[in-house]
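**Q** Mind having a look at this structure? Questions to follow.
The values are calculated or read from the model by the stated rules, or taken from the named source; none is laboratory data. Just so you know, these numbers come straight off a predicted model, no measurement behind them. Glycine gets a Cβ as well: all are built from the backbone with ideal geometry, and neighbour counts include every protein chain shown.
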Amino acid sequence: MKQIATLLLFLLFSGFCVAQTKSYTSIKNIDGPDYAETGVYYKDLDNIFDNFTGTYLYDENGIYLKFVLQKKEVSSMNNFYFEDMIIGGYQLKINKIEIANVLDDVSSNFSNGIKHVISCNLILPGGGYGFCEECPSSERWLMGYIKDITTGKSCELRMRKSTHNGQEAIKIEMFRGMETRVAGSPTPLAISLPLFQELILIKQ
C-alpha cells in the first residue's frame, strides 16, 4: 500500500512539473507590433530593459523614493505567451516617516512578473501618449504598474531614461484614474504614492 501511495505521489508531482514547464514555439521582439500570441516569447532583443536596471533615488521636497529595478526574462501569466519585463521594489518616506519598504520584493521568484510591486512590460516610442512627447521617435520609454502598498491598489507608472546634472537617472510619473463609490460607503484610503508629479530619480 505504501508503494502505491508513493507511486501516486510521484505521478502527481511529475504531472505538476510538466504543467509548470514553460514552452514556446517562436521568439519575437517585444518592441514590435505583435503581442499576446499563443506560444510566442516576446524577448527584449534590443536590450532596452537592461538600460533601466539598477538602484535609483529621489530625495527632495519631503519625498524619499527609492527604486530597485531588474530585468526579468520569460515571465508568463498563463503559459500561453511569455515576455521579458522590468520588475522592482521600492521604498517610500514622506517627511522622513517611512510609508513603505518593499525593496526585497525584487528578489521574489514569481513566474508571473506582474505580481511584483513594480512591473513594466510595455515599450513605447517617444513623441506621444502624453509622456515623453519631446522625445525623438527613436527613444523608447516604459509603461507599467506600481502597487501602492498602503491600499493594495495599482497605479500606472511611466518611466524613461534621462540624464540629470550629468548623472544617469530615470524620469517617472505615476497616475491613477478617478474612482466611483456607492453613496454611504466608506471613503477609500488615500494613495500614499506621490501621484501626478514628474520625479527624477538618480542612479546610485
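**Q** Is it the case that some residue within the range 91-103 is in a strand (DSSP E or B), small (Gly, Ala, Ser), within 26 Å of Ser26 (Cβ to Cβ) and touching a residue at least 12 places away in the same chain (Cβ under 8 Å)? Walk me through how you get there before you give the answer.
**A** Of the range 91-103, the ones in a strand (DSSP E or B) are 91-94, 97-101.
Still in the running and small (Gly, Ala, Ser): 100.
Okay, now just the ones that are also within 26 Å of Ser26 (Cβ to Cβ), so none.
No, because not a single residue in the range 91-103 is in a strand (DSSP E or B), small (Gly, Ala, Ser), within 26 Å of Ser26 (Cβ to Cβ) and touching a residue at least 12 places away in the same chain (Cβ under 8 Å).
**Q** For the range 166-193: of the residues being out of contact with any Asp or Glu (no Cβ under 9 Å at 6 or more places or on another chain) and either modelled with pLDDT of 95 or more or assigned to a strand (DSSP E or B) (or both), which is surrounded by the fewest Cβ atoms within 10 Å (Cβ to Cβ)?
**A** Step by step, filter the range 166-193, then rank; the result is Gly166.
**Q** Report yes if Asn78 is over 14 Å from the mean Cα position of the chain (by Cα), at negative phi, assigned to a helix (DSSP H, G or I) and not β-branched (Val, Ile, Thr), otherwise no. Working first, answer last.
**A** Details: over 14 Å from the mean Cα position of the chain (by Cα): yes; at negative phi: yes; assigned to a helix (DSSP H, G or I): no; not β-branched (Val, Ile, Thr): yes.
No; evaluated as a whole, the condition is false for this residue.
**Q** Test Glu139 against the stated conditions and say whether it is surrounded by 13 or more Cβ atoms within 10 Å (Cβ to Cβ) and within 27 Å of Thr38 (Cα to Cα).
**A** On the way: surrounded by 13 or more Cβ atoms within 10 Å (Cβ to Cβ): yes; within 27 Å of Thr38 (Cα to Cα): no.
So Glu139 does not fit the description; no.
**Q** Considering every residue within the range 37-59, establish whether at least one is over 30 Å from Ser137 (Cα atoms), modelled with pLDDT of 90 or more, hydrophobic (A, V, I, L, M, F, W, C) and in a strand (DSSP E or B).
**A** no
**Q** I'd like to know if the range 38-47 contains one or more residues that are within 30 Å of Ile94 (Cα to Cα) and out of contact with any strand residue (DSSP E or B) (no Cβ under 9 Å at 6 or more places or on another chain). If you could, list the steps in order and put the result at the bottom.
**A** Filtering the range 38-47 for residues within 30 Å of Ile94 (Cα to Cα) gives none.
No; the residues of the range 38-47 include none that is within 30 Å of Ile94 (Cα to Cα) and out of contact with any strand residue (DSSP E or B) (no Cβ under 9 Å at 6 or more places or on another chain).
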